[in-house]
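Trainee: A single structure is presented below for examination.
The values are calculated or read from the model by the stated rules, or taken from the named source; none is laboratory data. Predicted model, so just to flag it, every value in this text is computed and none were measured. All Cβ positions, even for glycine, are placed from backbone atoms using ideal geometry, and neighbour counts span all protein chains on display. Remember, those area values only see protein heavy atoms, side chains included, never the ligands or the DNA or RNA. Shrake-Rupley method; radii C 1.70, N 1.55, O 1.52, S 1.80 Å.
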Amino acid sequence: MARDELLSPKQVHEEYGFSPQTLANWRWCGNGPAYIKTSPGRSGRIRYKRSQFEAWLNAQTVQTGGTAA
């Protein structure tokens, strides 16, 4: 069984293009991908499971074509 890779906000930025500040804004607003916080308080490190981040991206996909809403 393969382990799910944990990504820091910086790694998410490097691989997917979302800035760490955008990720922080999404966390603060309560939307965006699920994340892991390693300890309570402002100093807790944030990590994203790659599989959950990619599932969230897939859920944001809008299919084009067809009739307009």
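Trainee: Tell me, what is the per residue accessible area of the chain in Å², probe radius 1.4 Å?
Mentor: Working: 5490 Å² over 69 residues.
Value for the chain: 80 Å² per residue.
Trainee: Only sites in a loop by DSSP and with at most 11 other Cβ atoms within 10 Å count here; which chymotrypsin sites (Phe, Trp or Tyr not before Pro) in the chain make the cut? Don't skip to the end; give the middle numbers.
Mentor: Values: sites: Tyr16, Phe18, Trp26, Trp28, Tyr35, Tyr48, Phe53, Trp56; in loops: Phe18, Tyr35.
Filter output for the chain: empty list.
Trainee: Would you work out the relative contact order for the stretch 1-56, in percent, from Cα pairs under 8 angstrom that are 6 or more residues apart? Could the numbers behind the result be given before it?
Mentor: Values: 57 pairs, mean separation 22.1, N = 56.
Dividing the mean separation by the residue count of the stretch 1-56 yields 40 percent.
Trainee: Continuing with the same structure: Loop-only GluC sites (Glu not before Pro) in the chain, please: DSSP not H, G, I, E or B, and at most 16 other Cβ atoms within 10 Å. Mind dumping the intermediate values first?
Mentor: Details: sites: Glu5, Glu14, Glu15, Glu54; in loops: Glu5.
Loop-located and lightly packed - Glu5.
Trainee: To continue, here is another question. Output needed for the chain: three equivalent-ellipsoid semi-axes, defined as square roots of 5 times the C-alpha gyration tensor eigenvalues, in descending order, whole Å.
Mentor: Values: eigenvalues 130, 49, 24 Å².
Semi-axes (√(5λ), whole Å): 26, 16, 11.
Trainee: Next up: Just want the answer: with Cβ charges of +1 for Lys and Arg and -1 for Asp and Glu, which residue in Gly17, Asn31, Thr64 is farthest toward the dipole's positive end in the chain?
Mentor: The residue sitting most towards the positive pole is Asn31.
Trainee: Exactly which trypsin sites (Lys or Arg not before Pro) in the chain are in a DSSP loop and have at most 13 other Cβ atoms within 10 Å? Walk me through the numbers on the way to the answer.
Mentor: Numbers: sites: Arg3, Lys10, Arg27, Lys37, Arg42, Arg45, Arg47, Lys49, Arg50; in loops: Arg3, Arg42, Arg45.
Counting only loop positions with at most 13 other Cβ atoms within 10 Å, the trypsin sites (Lys or Arg not before Pro) in the chain are Arg3, Arg42, Arg45.
Trainee: Run the accessible area of the chain with a 1.4 Å probe and give the carbon-and-sulfur part as a rounded percent. Write down the numbers at each step before the final one.
Mentor: Working: 2780 of 5490 Å².
Ligands and nucleic acids excluded, carbon and sulfur give 51 percent.
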